[in-house]
């Protein structure tokens, strides 16, 4: 089994709304504070990364990370339609400069779930000018910050934006519509392709898309389950990957893998609980390491170089996290040995942080956060550092 090559991007990931704190001008802040919301609590102050980013980057570098994925908060950068904040752009220039100065490579996500309030009020991704508006934002960011963004991810998990927000009602805008979720998926594919051109016009960044690729299986061996599984695989996996299989689709593909899921038409949201006896995370997700290897093979059919841009486990048992890392990194190494072009691995997440509708309960981080925002690396953080060295030397 091959190891990880020297220079392999190795690190962890965050997202602005989950760590910065105080993102009061986006649709998620409204969703968190709606009395009818699915969200358990407010993001509040996050982990105060907005002010502590330099120390956070230095800590991650000291733990052996040579790359870091983060997102920019669109609602800070463009607080009103066409009105770009010089202060916010200057802040993110300081953030990206600090990251570069630690020696870590930046992978910058332009849209990670949150939308400016004004964009959401105009219909969000179903608004008549959604793609053009997003493209304009991407172009401005590339023009202002492109020199500090060696890798750009246009959209984080477009399939999950559509699924959670428009079929399950679990994320904003909280809709449960079996027609609209498919339409939004198509709009997000279009938005990514347009954003690729917008970024390339202003920056030399390598542009990609991050997709969550669960391993899907029918809950029962019957025609109805098999057919729905085929439909869900098309909507969640194939339609997004197939759109990337040509030069304008991007320069790389981010693969985000967490679980195996079972499809069942008898369930309103189409997903059945994992079978009895499954190893479950705090999120109720079934742990299945070989699914990562299988989905890397599926993603490789795009012809794009792959980066594992998220992979991790929500657990309060850090030994379980170490085991999860061991088995899933082994799956990545096996895929590489089988000829899959994997060029990086980023763990989710760097820190315990706000996990969207689940709030602060799930613990995905390599680093714990105290009530006073103290950062404390867990044993898994050191195991992760050792895994990089062992992989390179394998």
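The values are calculated or read from the model by the stated rules, or taken from the named source; none is laboratory data. Worth saying up front: this structure is predicted, and the values here are computed from it rather than measured. Here the Cβ positions follow ideal geometry from the backbone for every residue, glycine too, while neighbour counts run over all protein chains shown.
If I filter the range 219-228 for residues that are buried (at least 20 other Cβ atoms within 10 Å of the Cβ), in contact (Cβ under 8 Å) with a residue 40 or more places away in the chain and either touching a helix residue (DSSP H, G or I) at 6+ places or on another chain (Cβ under 7 Å) or under 21 Å from residue 134 (Cβ atoms) (or both), do I get at least one hit? Yes, that holds for at least one residue. The criterion of being under 25 Å from residue 69 (Cα atoms) and either part of a helix (DSSP H, G or I) or touching a helix residue (DSSP H, G or I) at 6+ places or on another chain (Cβ under 6 Å) (or both) holds for residue 171.
Return the residue satisfying two criteria in turn: it lies in the range 96-155 and is part of a loop (DSSP other than H, G, I, E, B) and within 22 Å of the chain's Cα centre (by Cα), and of such residues it is surrounded by the fewest Cβ atoms within 10 Å (Cβ to Cβ). The extreme case among them is 150. Determine if the range 10-18 includes at least one residue that is modelled with pLDDT of 95 or more and surrounded by fewer than 23 Cβ atoms within 10 Å (Cβ to Cβ). Within the range 10-18, not a single residue is modelled with pLDDT of 95 or more and surrounded by fewer than 23 Cβ atoms within 10 Å (Cβ to Cβ). Of the residues making up the range 331-344, those that are crowded, with 17+ Cβ neighbours inside 10 Å, over 20 Å from the mean Cα position of the chain (by Cα) and either touching a residue at least 60 places away in the same chain (Cβ under 8 Å) or in a strand (DSSP E or B) (or both) are 333, 334, 336. Restricting attention to the range 345-370, the residues being assigned to a loop (DSSP other than H, G, I, E, B) and either in contact (Cβ under 8 Å) with a residue 12 or more places away in the chain or buried (at least 24 other Cβ atoms within 10 Å of the Cβ) (or both) number 15. Checking each residue in the range 242-280 for being surrounded by 16 or more Cβ atoms within 10 Å (Cβ to Cβ), at pLDDT below 95 and over 29 Å from residue 363 (Cβ atoms) picks out 243, 244, 249.
Of the listed requirements (1) out of contact with any helix residue (DSSP H, G or I) (no Cβ under 7 Å at 6 or more places or on another chain); (2) buried (at least 17 other Cβ atoms within 10 Å of the Cβ), residue 179 misses just one: (2). Just to be sure before I move on: is residue 90 free of Cβ contacts under 8 Å to residues at least 24 places away in the same chain and more than 21 Å from the chain's Cα centre (by Cα) in the structure I sent? Yes; evaluated as a whole, the condition is true for this residue. Limited to the range 300-325, what total is found for residues that are surrounded by fewer than 20 Cβ atoms within 10 Å (Cβ to Cβ), in a loop (DSSP other than H, G, I, E, B) and either in contact (Cβ under 8 Å) with a residue 12 or more places away in the chain or within 14 Å of the chain's Cα centre (by Cα) (or both)? So the count comes out to 4.
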